Amino acid sequence: MAITSVTPIKAKLNGFKKYTLTAASSASDGFNFQTKGLGDEIIVVVAANTHASAAKKITVKKPSKAGYASVTADDELSLAAGETAFLRIETAKVANTDGTVVLIPESTDVKIAVLA
């Protein structure tokens with residue numbers, strides 16, 4: 001299978017915005033999204049574990065094509081069954097030089113939305 005590309009959802013400041021969580025077509029391939037052209041260096045990723053009874057992890061991969069301020073290690077979060085969390089990222093730290101960010105869920109039960 002292939003990596004699942006997620007389109008960031010742009011939201012106005014001080015306004016509501018609905019979103020739909022997306023599942024990866026393959027957990028091992030995970031997700032990616034493009035940060036170039038979003039007009040902001042801070043992006044929010046919402047991650048939800050939709051599994052009924054088991055904890056699942058999601059990992060933000062360190063850039064494979066690192067920039068000047070890139071992190072040097074992956075960052076991982078464990079979500080209890082039914083738990084939702086958000087990750088506020090600085091694109092200079094986790095985006096590849098082409099602007100892509102890669103996240104790998106432990107299973108397709110972990111779904112995400114990207115808000116810009």
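Could you please let me know if residue 41 is open to solvent by 40 Å² or more (accessible area, probe 1.4 Å), of a type outside the set (A, V, I, L, M) and touching a helix residue (DSSP H, G or I) at 6+ places or on another chain (Cβ under 6 Å)? The answer is yes for residue 41.
One residue stands out among those in segment 68-80 that are loosely packed, with under 15 Cβ neighbours inside 10 Å and more than 15 Å from the chain's Cα centre (by Cα): the one that is farthest from residue 22 (Cα to Cα), which is 68.
For residue 55, are the conditions met, namely being under 17 Å from residue 106 (Cβ atoms) and either free of Cβ contacts under 8 Å to residues at least 60 places away in the same chain or within 16 Å of the chain's Cα centre (by Cα) (or both)? So residue 55 passes the test.
Checking each residue in segment 81-115 for being open to solvent by 50 Å² or more (accessible area, probe 1.4 Å) and either modelled with pLDDT of 95 or more or over 19 Å from residue 20 (Cβ atoms) (or both) picks out 82, 83, 84, 86, 88, 90, 93, 97, 98, 106, 108, 111.
Meeting the requirement of 3 or more residues that are among the β-branched types (Val, Ile, Thr), the strands (runs of 3 or more DSSP E) wholly within segment 1-80 are 42-49, 56-60.
The values are calculated or read from the model by the stated rules, or taken from the named source; none is laboratory data. Note that the coordinates shown come from a computational prediction; the quantities given were computed from them, not determined experimentally. Don't worry about glycine lacking a Cβ; one is built from the backbone with ideal geometry, like all the others, and counts go over all protein chains shown. For the accessible areas, the whole protein counts, side chains as well, though only heavy atoms, and no ligand, DNA or RNA atoms are used. Shrake-Rupley method; radii C 1.70, N 1.55, O 1.52, S 1.80 Å.
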